[in-house]
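Student: I have a structure I would like to understand better, so I am pasting it below and will then ask my questions one at a time.
Every read-out reported here was derived from the displayed coordinates using simple, explicitly stated rules and does not represent laboratory data. Not measured: the values here are computed from a predicted model. When we count neighbours, we look across all protein chains shown, and the Cβ atoms used for this are built from the backbone with ideal geometry, even at glycine.
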Amino acid sequence: MYSKVKGTNDVLMENAKRLSSIEAFLKRVVGVYGYEEIRVPILSQTELIHRSSGDTSDIVKKETFDFEDRGGRMITLRPEGTAPVIRAVIENKLYTRQLPLKLFYMGDMFRYERPQKGRYREFSQFGVEVVGTNSPYMDAEVILMASTIFKLLQVKKYVVKINTLGDKESRENYKNALKEYFKDKLDSLCEDCKERFNTNPLRILDCKVDANSEILLNAPKIQDYLSEKSKAEFEIVKKYLELMNVPFVVDTKLVRGLDYYTSTVFEVVIDGVDGGQSATICGGGRYDDLIKSLGGPELGCVGFGFGLERLADIVDDNIDIYKKSVLCQLIPIGDDAKVHFVKLLNELRLQGVDSEMDYEAKNLKQHFKAADANNAKFIIIAGDEELKAGTLNVKNKITNEEVTLHEGQLIRYMMQVVGESEESCGCGCHHDGEECCCEDGHDEDCCCHKHE
Ligand code: HAM
């Protein structure tokens with residue numbers, strides 16, 4: 001008997017379905033904001049990961065899966081998506097295209113962490129990276145998009161935490177202030193923090209061991225060391241978020257666990273239930289120096305990453321994205337209509353209109369039960385009388401409107417609904433771009449039969 005490798009998961013059918021529904025949902029949302037997909041390899045050069053995440057980060061110090069391949073090259077399983085995506089941007093000269101590039105990606109990441117609920121060695125991320133923008137408005141838009149995802153998924157009690165690490169000058173001043181503050185308190189800090197004091201004192205603020213100690217709580221705040229430019233940019237981010245009604249808190253201790261961040265950083269956190277541990281579902285921020293440090297041009301970037309397992313854990317099972325849903329449910333009344341509808345079902349599907357019919361249903365009640373289970377948006381129903389007249393009744397389950405259509409009009413009507421054809425006022429006529437003849441009430445000759 002073999003077992004799975006520690007910290008990895010078999011994603012069984014129900015959970016696979018949940019994850020793929022969430023992925024499809026996220027793709028739809030970021031699509032609306034203009035993001036395009038990019039796929040990059042899981043195997044990375046070790047140097048790329050170490051250099052981008054930073055030698056003082058926990059990820060590089062303790063968590064990367066590094067190994068030598070058979071050709072003697074040092075390889076790392078990607079622990080995150082930003083560095084591999086930026087490597088691809090540079091290697092493929094994507095920065096020569098229209099900027100900003102708005103990219104999204106998803107896939108497995110690997111970190112050698114101590115496994116526990118929501119913390120795995122192999123896990124899945126959905127991320128976005130905007131490349132070639134220095135505008136703080138874009139920082140705010142990325143935060144807005146992350147927060148919108150939580151809202152649309154009806155997640156309750158999430159907290160958007162933001163902070164700024166300022167520009168280079170602000171960070172240097174702040175690091176010096178932290179060194180000055182911590183220098184005679186080192187004995188009270190954990191072993192890792194003692195090392196962080198020498199390598200990158202900002203990291204001390206991110207320490208999980210010392211997080212709630214008095215020393216950390218009283219440490220100098222970055223806000224007191226920001227340059228005027230950094231202050232003004234952070235103000236824009238906050239103003240935009242207020243304008244867009246995104247509730248947020250400024251957390252001056254938020255520094256993030258990767259070294260490439262500059263200025264705006266943020267996390268979306270679910271606070272621990274019943275005093276339990278809080279979980280960071282999404283983290284991101286601006287990283288203006290990374291492209292240049294990896295050999296590319298100087299271009300500002302901002303992005304975020306969602307942990308998909310953690311997101312799936314907090315999304316309620318009853319929300320719409322998990323529910324099966326079809327556009328049309330066909331309900332035949334009688335055997336003749338059933339035979340007729342089998343053909344119609346096939347025609348609708350061939351035109352890309354997702355449709356269902358319950359072959360087993362013995363009465364109307366069972367047909368309607370199937371329509372409910374399928375979350376059908378339209379019910380298409382006909383019996384002997386309609387067959388004779390060559391018509392169908394179409395009921396919109398959302399608006400409760402009903403129209404009677406000639407059978408030949410149905411496919412066009414449904415395609416208008418799915419947005420494949422010309423605009424429709426919803427009456428069911430084919431207007432060919434002309435004004436609808438039945439706009440002010442339906443006239444006698446109207447082909448949609450709504451007036452009948
Ligand atoms: P990160 O905060 O290291 O940022 O990871 C993003 C998210 O991945 C976390 O908020 C968490 O939900 C999830 N995650 C991280 N580690 C684990 C784990 N061991 N098990 C399960 N889930 C985990 C980044 O990775 C950056 N690349 C985000 C970014 C994109 N910043 C700018 N652009």
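Student: Quick query: amide H of G300 versus all other amide H atoms, modeled in the peptide plane; which residues come in under 5 Å with a sequence gap of 5 or more or a different chain?
Tutor: Amide H neighbours of G300, under 5 Å, 5+ apart: G132, T133.
Student: Measure off 7 Å from each Cα along the Cα-to-Cβ vector at E172 and A389, then give the distance between these two points in nanometres to one decimal.
Tutor: Inter-label distance under the simple model: 8.3 nm.
Student: Okay, moving on. Is it possible to state the helix-based mean residue ellipticity at 222 nm for the chain, with each DSSP H run of 4+ residues giving -39500 (n - 2.57), the sum divided by total residues, to the nearest 500 deg cm²/dmol? What is it?
Tutor: Estimated from H runs of four or more residues: -10000 deg cm²/dmol.
Student: Moving on. Put +1 on the Cβ of every Lys and Arg and -1 on every Asp and Glu Cβ in the chain; which of M357, C207, Q98 then has its Cα farthest towards the positive end of the dipole?
Tutor: It is C207, whose Cα lies furthest towards the positive end.
Student: Give me the aspartates and glutamates in straight-line cross-link reach of K239: C-alpha distance below 15 Å, same-chain residues under 8 apart excluded.
Tutor: Partners found: D139, E141.
Student: Continuing with this model, one more query. Under 20 Å between alpha carbons, and skipping anything fewer than 8 positions from K221 in its own chain: which aspartates and glutamates qualify?
Tutor: Partners within reach: D167, E169, E172, E180, D184, D206, D210, E233, E235, D251, D259, E267.
Student: Explain nothing, just the number: dipole magnitude of region 177-243 about its Cα centre with +1 on each Lys and Arg Cβ and -1 on each Asp and Glu Cβ, in debye rounded to the nearest 20. Don't skip to the answer; put the middle values down first.
Tutor: Details: 12 positive and 14 negative charges, 36 e Å.
That gives region 177-243 a dipole magnitude of about 180 debye.
Student: On to the next question. Place a +1 charge on the Cβ of each Lys and Arg in region 316-391 and a -1 charge on the Cβ of each Asp and Glu, then give the dipole magnitude about the Cα centre in debye, rounded to the nearest 20. Walk me through the numbers on the way to the answer.
Tutor: Details: 10 positive and 14 negative charges, 13 e Å.
Around 60 debye, computed over region 316-391.
Student: Going down the table (K61/K238; K62/K183; K27/K208), which pairs top 29 Å between alpha carbons? Before the final figure, lay out the partial values.
Tutor: Details: K61/K238 34 Å; K62/K183 25 Å; K27/K208 33 Å.
Where the Cα-Cα span goes over 29 Å, the pairs concerned are K61/K238; K27/K208.
Student: Can you pull the one-decimal nm distance between simple spin-label points at L243 and V339, each 7 Å off the Cα toward Cβ?
Tutor: 6.5
Student: Past the 21 Å Cα-Cα mark, which pairs from K194/K231; K168/K231; K102/K324; K323/K377; K102/K161; K117/K157?
Tutor: Pairs exceeding 21 Å: K194/K231; K102/K324; K102/K161.
Student: For L217 and D69, FRET efficiency with R0 = 45 Å and r from the beta-carbon atoms, rounded to 0.05?
Tutor: So, using R0 = 45 Å, E works out to roughly 0.45.
Student: Averaging sequence separations of C-alpha pairs under 8 Å and six or more residues apart, then dividing by the length of region 324-421, give the relative contact order as a whole percent.
Tutor: Relative contact order of region 324-421: 30 percent.
Student: Under the rule of at least 5 residues apart or a separate chain, name every residue whose amide H is placed under 5 Å from the amide H of L165.
Tutor: Sorted by chain and number, the residues that satisfy this are S263, T264, V265.
Student: Taking H as built 1.01 Å from N, whose amide H comes closer than 5 Å to the amide H of M357, not counting residues under 5 places away?
Tutor: Here the answer is L330, since their amide H atoms fall under 5 Å of that of M357.
Student: Taking the alpha-carbon distance from K362 and a cut-off under 17 Å, which lysines remain once sequence neighbours fewer than 8 residues away in the same chain are dropped?
Tutor: K338
Student: Check each of the GluC sites (Glu not before Pro) in region 245-350 and keep only those in coil by DSSP with at most 12 other C-beta atoms within 10 angstrom; list them in order.
Tutor: Working: sites: E267, E298, E309, E347; in loops: E298.
Listed in order of number, the matching sites are E298.
Student: Could I ask something else about it? For region 61-67, what does the Karplus curve 6.51 cos²θ - 1.76 cosθ + 1.60, with θ = phi - 60°, yield as ³J(HN,Hα) per residue in whole Hz, taken in order and with x for Gly and Pro?
Tutor: Result, ordered by residue: 5, 10, 10, 6, 8, 9, 7 Hz.
Student: So which trypsin sites (Lys or Arg not before Pro) in region 98-149 are both in a DSSP loop and have at most 15 other Cβ atoms within 10 Å of their Cβ?
Tutor: Here the trypsin sites (Lys or Arg not before Pro) that fit, given the DSSP loop and packing criteria, are K117.
Student: Short version: ³J(HN,Hα) in whole Hz for each residue of region 160-166, in order, from phi by Karplus 6.51 cos²θ - 1.76 cosθ + 1.60 (θ = phi - 60°), x for Gly and Pro, what are they?
Tutor: 3J(HN,Hα) across region 160-166, in whole Hz: 8, 10, 10, 7, 10, 9, x.
Student: To the nearest 20 Debye, how big is the dipole of region 140-293 about its Cα centre, given +1 on the beta carbon of each Lys and Arg and -1 on that of each Asp and Glu?
Tutor: Roughly 280 debye for region 140-293.
Student: Lys/Arg Cβ at +1, Asp/Glu Cβ at -1, dipole of the chain taken about the Cα centre: which of V159, C328, L254 is farthest positive-ward?
Tutor: It is L254.
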